[in-house]
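No lab work stands behind these numbers, since they all come straight from the coordinates. For clarity, every value in this text was computed on a predicted model and none was experimentally measured. Don't worry about glycine lacking a Cβ; one is built from the backbone with ideal geometry, like all the others, and counts go over all protein chains shown.
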Amino acid sequence: MLSFSKRSLLASLATLPAAALLRPTAARADIEVNVNRGDVQPLPIALPAFGGGQVGADIAGVISANLQRSGLFRPLDPASFVERDLNAAVQPRFPAWQQINAQALVNGQVTVAGAQLQVAFRLWDVFAEKQLLGLQFMSSPENWRRVAHKISDSVYERLTGEKGYFDTRVVFVAETGGRGSKTKTLAIMDQDGANPSYLTDGKAIVMTPRFSSTSQEITYMELRPEGSRIYLLNLESGRRESLGDFKGMVFAPRFSPDGGKVAFSVERAGNSDVFVMDLKNRTTARLTVDPSIDTSPSFSPDGSRIVFNSDRSGSPQLYIMGADGSNPRRITFASGRYTTPVWSPTGEFIAFTKQVGAEFHIGVMKPDGTDERILTSSYLDEGPAWAPNGRVLLFSRETSGGASRLWSVDVTGRILQPMPYPGAASDPAWSPLLN
Amino acid sequence: MVTIRNAGSALRLTFIAGAALSLSACAHHPKPTYPTAAPPPAARPAPPPAATPSRPEPVTQNALPGSERDFVINVGDRVYFDFDRYDVRSDAAPLLDAQSGWLKRYPAVQVRIEGNCDERGTREYNLALGARRANAVREYLVSHGVEAGRITTVSYGKEKPIDNGSGDVADQHNRNAHTAIVSGARMQ
C-alpha cells in the first residue's frame, strides 16, 4: 500500500532535529522513535501504575493507551514486570527492566493535597541506564486525564523529536437514525474518545466543523431547507455567530492559520466559487471567478497560498492559488477524482480524498503534487483532518450500506484504526494542542 | 395540525381520515408517496341503493386539482441525473414540461428545488453539485415560462437520500432534483 520514494523519505527525515540525524549508530545511544518510517517496530515501553493509589493507576493507563494508539510504542504487559516496588524518587533497577526488554520506562508518583493534584514522573532509557526526562504537573484532581495527556505528549516528544497530539480534542458530527432520516449533531470529545458532549440540538443538519489553529473556536456549516449558514462557535464562551446572510448556498468553511479569516464557498445560480472573509472587519473577497465548481479551500500554514478543489478541467482535481486568488495552478494529474484537500500544519503535505473507480482513498502528497502516497482504501473514505503535529489523520469511513465511523491513519499508512468513539459519526476535525 | 384542536368533531374525523394521505405535507420535504389508504372523504362512494340490485356506477378518485398531492401524483416532483452531471436528461424533460404547465396553471404556488446527490462523492463537492442540479431545473422551468421569483433552490448534497440502499440503483434514485411546494397549493 505504501510507496515511498527515496526522495520523500529523505525530505521527511530533514524535519527531524539535527541532533537526531547526527546520532551515532553505536549501541547504547539514546533510544529514539522515528515517526517517518512505515516499517518500524513499535518501541517496547513499560508504564507501571504511578504511585498514589487508583488515580496513579488510571493515569498510567491513559498514557499507555495513548502511546499504544500512536502505533509507535508497544506498552508491555504489567504482569511481566519484575521490579514491583518502584519508588519514583529513586533510580529504577535497570537490569529488572532490561530483562523484559523494555526500552523505555515511565514511572511516577501522584500526590493529592487538598484541591491540588501533583504528578511527578520520570522517563528512563533502560539500556543506556539514564533519565531522559523528569517533570511535574499540577492541576485539580478532576483534571487527571489532561495531566495524563500532557505526560503522554512529553514522552512522545522526547522520544520522537516531534510535538505530541494527545492533549487535544476532536470536534465531529454525531449521527443517529436511519440513512434517510439522519440526525446530525455537532459533538466534541477528547482525542482518546473520553468526555464526549454535544454542541447543537440536532434540529438542523450540521456538517464540516473545523478548528481554529489558534483558539478554542470552530467554524461549521448548518443546512436548512431555507438555505445554509456558516457559523463561528467559541467553545469556551459558548458564543455563536453567523458569518452573515448570503444569496445562495454557503459551505466548506475553514480558518486561515492565524484564525483571522475564514475561506469558504458561495454558490450563486448553481455556480460555486471560493471567497474569503476577514473576521475583523467582515469584508468578503471573491478569490475564484470560474463557471466550474470551486470549493474546499485550505490555507498553507504560512497563509500565503490556498489549495482548493475544482472541476474546471472536467473532473474534480486539486489546485493551488495565492491567498488573494492569484495564479491558480493544477497540481493533480493522475487518474482519479481528487477532493477535500487539506494542507498539513507543518506544510509538508496536502492530504486529500481520492476516488478511483468504486474505491475511495485517503492520501497525502507534497504541495507541488508529487510523491503521492495512498494511505487507505475502502467503499467510502473521506474528509482527512490533521493532528496538530501533522503525523496522524482522522477521516470518515462508511461501509456499503453501513453507518459512517471515525478512523485514523498515520502519514505512513501503517497505523490504521477506528477512533475510540462507539457511535456513528463523520467530519472529524482536530483541535490544536490545549494550553 | 394544531387546528385540529379547534375543529368540530366532524371536521376532526375528516382530518384524521386524511392524515395518512397528508403525511408528506406535514414533513418539511415531501417525498413521493403512493398512498394506498382511503381516498379523500369527499370522494368516498355512497352505498348503493338497497332496493335496486344493479352494478354501482364506477367513481374515479383523484387528488384535488391544484393540491400538493395533485402535483406529486399527477405531475411528478422529481427528476433524475447521471453521475456527476447536472444537465437535464431528455427523459426528464416531459416531466419538467408538465411541472411548468402545472405551475403556470396555479400561479400562487411557490416552489423550492432541492438538489440531491448519491453517496459516491465527498460532502462539500456534492453540495456544489446538488446546487448545480437544483439550478438546472430552476432554469428549465423559468425558460418554460414559470416566473423566476416563484422558485428558490437549495442543495442537500448527499444528506437526504430517498433510497437508503447502496449500489447503482440506489445511487441513481439519489441523484435527483426534487420540486417541493412551499406555499400556495390548494388544501388537500
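Over the stretch A:289-354, the hull volume per residue, using the convex hull of the C-alpha atoms, is 74 Å³.
By the beta-carbon count within 10 Å of each Cβ, the least crowded to most crowded order of A:TYR338, B:TYR156, fewest first, is B:TYR156, A:TYR338. Eigenvalues of the alpha-carbon gyration tensor of the stretch B:52-183, scaled by 5 and square-rooted, set the equivalent ellipsoid semi-axes at 30, 20, 12 angstrom, largest first.
Working from Cα pairs under 8 Å separated by at least six residues, relative contact order for chain A is 11 percent.
For the stretch B:52-183, give the share of DSSP beta bridges that are antiparallel, in percent and rounded to the nearest 5; count only bridges with both residues there. Looking only at bridges with both residues in the stretch B:52-183, the antiparallel portion is about 60 percent. Summing +1 for each Lys or Arg and -1 for each Asp or Glu among the other residues whose beta-carbon sits under 13 angstrom from that of A:SER404 gives 0. Counting every alpha-carbon pair across the protein assembly as shown, the share separated by more than 43 Å comes to 34%.
Straight-distance candidates among the aspartates and glutamates for linking to A:LYS280, with alpha-carbon spacing under 13 Å and chain neighbours fewer than 8 residues away dropped: A:ASP258. Cβ crowding within 10 Å ranks A:LEU287, A:LEU159 as A:LEU287, A:LEU159, fewest other Cβ atoms first. Taking amide hydrogens as placed 1.01 Å from N in the peptide plane, the amide H of A:ASP294 sits under 5 Å from those of A:SER272, A:ASP273, each at least 5 positions away in sequence or on another chain.
Summing charges over neighbours of A:LYS184, with a neighbour being any other residue whose Cβ is under 13 Å away from its Cβ, gives +2 when K and R count +1 and D and E count -1. Using the Cα coordinates of the stretch A:172-236, the gyration tensor eigenvalues translate into equivalent-ellipsoid semi-axes of 21, 16, 8 Å, sorted from longest to shortest. Under a Gaussian network description of chain A, with springs only between Cα atoms under 10 Å, the residue in A:SER242, A:SER272, A:SER64 that fluctuates furthest is A:SER242. Within straight-line reach of A:LYS150, meaning a Cα separation under 18 Å, sit the following aspartates and glutamates at least 8 residues removed in sequence or on another chain: A:ASP58, A:GLU142, A:GLU162, A:ASP167, A:ASP190, A:ASP192.
Overall form of the stretch A:175-290: oblate. Here a/c, set by the Cα gyration tensor axes a ≥ b ≥ c, is 1.5 or more, and a/b is not larger than b/c. Give me the net charge for the shell around B:GLN188: Cβ to Cβ below 10 angstrom, other residues only, Lys and Arg +1, Asp and Glu -1. Around B:GLN188, the charge tally is 0. Here is the tail figure for the stretch A:169-430: Cα pairs spaced more than 36 Å apart come to 6 percent of all pairs. For the stretch A:314-402, the square roots a ≥ b ≥ c of the C-alpha gyration tensor eigenvalues yield an a/c of 1.5 or more together with a/b not exceeding b/c, which makes the shape oblate.
Among beta bridges from DSSP that stay inside the protein assembly as shown, the antiparallel ones total about 90%.
Compute the helix-to-body angle for A:144-160: its Cα long axis versus the longest principal axis of chain A, expressed 0 to 90° and rounded to tens. The helix A:144-160 is inclined about 90 degrees to chain A. Each 10 Å bin from zero up to the one holding the largest Cα-Cα distance in the stretch A:100-193 carries the following percent of pairs: 14, 32, 27, 15, 9, 3, 0. Calculated from the alpha-carbon coordinates, the stretch A:253-378 shows an Rg and a Dmax of 14.1, 45 Å respectively.
Can you flag which of A:LYS182/A:LYS203; A:LYS182/B:LYS158; A:LYS184/A:LYS247; A:LYS203/A:LYS261 are past 22 Å Cα-Cα? Listed pairs above 22 Å: A:LYS184/A:LYS247; A:LYS203/A:LYS261. Quick check: Cα centre of the stretch A:69-93 to Cα centre of the stretch A:121-174, how many Å? The distance from the Cα centre of the stretch A:69-93 to that of the stretch A:121-174 comes to 15 Å. Eigenvalues of the alpha-carbon gyration tensor of the stretch A:41-160, scaled by 5 and square-rooted, set the equivalent ellipsoid semi-axes at 22, 16, 12 angstrom, largest first. Taking the fewest neighbouring Cβ atoms within 10 Å as the starting point, the ordered list for A:LYS261, A:LYS163 is A:LYS163, A:LYS261.
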